[in-house]
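Visitor: Take this structure, written in structure tokens, and hold onto it; I'll ask about it next.
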Amino acid sequence: MLIALIVGLPIAAAMLAVIFGRHGGALAACTLIGVGAAIAALVAIVAQGRVAVIEVGGWSSPLGITLEADGLACGLLAMTALVMAGVVSQGCAEFQRGPHEARRTWAFWPLAMLLWAAINAVFLSRDLFNLYVGLELMSLCGVSLVAIEAKQETLAAALRYMLVALLGSLLYLLGVALLYSAHGVLDIGLIAARRSAPSDFLAVGLMTAGLAAKMALFPFHSWLPPAHSGAPAPASAMLSALVPKAAFVVLMRLWLEAVPDLATPGLLALLGGLGAAAILHGGVMALRQDRLKLLIAYSTVAQIGYLLLVFPLAGGASAAQPWATGAWTGAVFHALSHGLAKAAMFLCAGLWMAALGHDRLEGLRGQARATPMAVFAFGLAAIALMGLPPSGGFTAKYLMLTSALASGEWIWAVVLLSGGLLTAAYLYRPLAMLFADSAEAPPSASRAQQAVPLMLAGAAIMLGIASSGPFELLQIGSPQAAVEGLQ
């Protein structure tokens, strides 16, 4: 019942928001309360050590669709609910300023709720085709949110996003079709128990390429910076904090749960190499930006790269090694910490854009005096992204770094350390501008609005301070990559 509510309530809210457009914000707030309570109850059940499962329509796999809440799903659902709390809070303030009949006012809430439902469904699904449906709905909503302003530059960004997302969907669906033709099942557990077929590697390779396009993994990332920088700040927070995580979770379940036997050392090294390239390329590009939202968007390209390091450290033969649990849990901690911190950053950028009318770095002077809570939130989020203690980002990178050193794969340790230095370099620039003196008194924002990103950034810090509880939760129902390493 709880799992059904987590997916069904946002869908119902989206339908109602289409009918009662003027009350979209209120509907989203009520949905947030209901879904938040359901997620809290689900986490309490799973924390007792058992995975929650629901068979849709009463049909078991392979005929039916199974939704399963393990520790990984619960952690991501909780992070998503916190991000949506920030999105709803700032969205209610931002979209009340315009006329109710404006496109951005009546269209945002149905799209945001459908996007939330799709992401929740992806986190809970165990069927590869059902995952395709969730990813496709997520992409359609994401493209629409980018185009919601109906400006020339945002429409061009949305078109690029749509073409890349469509290519990713076709590749993923073709891989799913090949797997089904060879084995007649699509449930992840049944796929894991299959007998290998000659077409399996091609199928999974196509699915991996499609997921890489959807999560904006280098070199499929060109759509992300213009899309995220052109969308409204609440939409950017969702697109950066949540959308790449959904595709990454599917990729991780695919290689670590469904087909771990196909994970050759060369393939795992390739995935890790793409992650390293993303870290370096995204960091260098972020250093070159003079607009805050573009800088944060390129930071997302870089931060996605850290997630890919889980494959050479915990995939294939490494799954049974003692360091596998650190690598797997570190990657998940990074996904959680990045989601909270990056949402906080985009919401801060939205506040300053509303006050200043632009997001140029040079124009941010004096904001430390005008909006101290928002600047403090941005600083806390920067600490989490840099991986400094006591943040969740520090816990993530510490676990991955120790795993890299324990495995003898020092190259990944160098990548982690180099990425941290690059992150510090490109985040120093906006922080320096925020604390610089201004000749004129800059406009301010209400303390209530500033408290929203501060809540998210504070959660990213608390993830590291109180890391033992989330660590134990994530191990419940975790794949062999984590279980074997704990033994």
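Visitor: Most exposed first by the Cβ proxy, i.e. fewest other Cβ within 10 Å, how do Tyr132, Tyr298, Tyr180, Tyr428 rank?
Guide: Going from sparsest to densest Cβ surroundings: Tyr428, Tyr180, Tyr132, Tyr298.
Visitor: Just to verify a number: FRET efficiency for Arg447 and Arg195, C-beta to C-beta distance, R0 = 45 Å, to 0.05?
Guide: Taking R0 as 45 Å, the efficiency between Arg447 and Arg195 is 0.15.
Visitor: Determine the shape class of segment 306-487: with a ≥ b ≥ c the square roots of the Cα gyration tensor eigenvalues, call it rounded for a/c under 1.5, and otherwise prolate if a/b is greater than b/c, oblate otherwise.
Guide: Verdict is prolate for segment 306-487.
Visitor: How many nm is it between the label spots at Val53 and Met15, if each spot is 7 Å from the Cα in line with the beta carbon?
Guide: 2.9 nm
Visitor: Sticking with this one: For Lys293, list the lysines whose Cα falls under 21 Å from its own Cα; do not include residues on the same chain fewer than 8 positions away.
Guide: Result set, ordered by chain and number: Lys151, Lys214, Lys245, Lys342.
Visitor: A further question follows. What value, in deg cm²/dmol to 500, does the helix sum -39500 (n - 2.57) over DSSP H runs of n ≥ 4 give at 222 nm once divided by the residues of the chain?
Guide: -24500 deg cm²/dmol
Visitor: Once the convex hull of the alpha carbons of the chain is built, what does its volume come to per residue, in cubic angstrom?
Guide: Enclosed volume per residue, from the Cα hull, is 124 Å³.
Visitor: Rounded to the nearest 20 debye, what is the charge dipole size of the chain about its Cα centre when +1 sits on each Lys and Arg Cβ and -1 on each Asp and Glu Cβ?
Guide: 800 debye
Visitor: Same structure again: Shape of segment 1-83 from its Cα gyration tensor (a ≥ b ≥ c, root eigenvalues): rounded if a/c is under 1.5, otherwise prolate when a/b > b/c, or oblate?
Guide: Oblate shape, in that a/c is at least 1.5 and b/c is the bigger or equal ratio.
Visitor: Right, something else. Can you tell me the relative contact order of the chain? Whole percent, Cα pairs under 8 Å, sequence separation 6 or more.
Guide: Once divided by the residue count of the chain, the mean separation gives 16 percent.
Visitor: Another one. How would you classify segment 177-279 from its alpha-carbon gyration tensor, with a ≥ b ≥ c the square roots of the eigenvalues: rounded for a/c under 1.5, else prolate if a/b is greater than b/c, otherwise oblate?
Guide: Because a/c hits 1.5 or more and a/b exceeds b/c, segment 177-279 counts as prolate.
Visitor: Additional query: Considering only the other residues whose Cβ falls under 15 Å of the Cβ of Gly305, what net charge follows from Lys and Arg at +1 and Asp and Glu at -1?
Guide: For residues surrounding Gly305, the net value is +3.
Visitor: Quick one: dipole size for segment 306-487, taken about the Cα centre, charges +1 on Lys/Arg Cβ and -1 on Asp/Glu Cβ, in debye to the nearest 20.
Guide: Using Cβ point charges on Lys, Arg, Asp and Glu, segment 306-487 gives about 300 debye.
Visitor: Still on this structure, I have one more. To the nearest 0.05, what FRET efficiency results for Ala41 and Ile465 with a Förster distance of 25 Å applied to their C-beta separation?
Guide: Calculated value: 0.55.
Visitor: Moving on. With the contact rule set at Cα under 8 Å and sequence spacing of 6 or more, what percent relative contact order holds for segment 306-487?
Guide: Relative contact order, segment 306-487: 39 percent.
Visitor: Given 0.36 nm per residue, what is the gain on full extension from Leu421 to Leu202 after removing their alpha carbon distance, in nm?
Guide: Length gained between Leu421 and Leu202: 75.1 nm.
Visitor: In addition: Between Ala4 and Ser181, what is the label-point separation in nm under the 7 Å Cα-to-beta-carbon projection?
Guide: 3.7 nm
Visitor: Given a Förster distance of 22 angstrom, what is the FRET efficiency for Arg360 paired with Leu287, based on the Cβ-Cβ distance and rounded to 0.05?
Guide: 0.90
Rule-based calculations on the coordinates, nothing more; no lab input. Keep in mind the model is a prediction, meaning the values are calculated, not measured. Quick reminder, even Gly has a Cβ in these numbers, built from the backbone with ideal geometry, and neighbours come from all protein chains shown.
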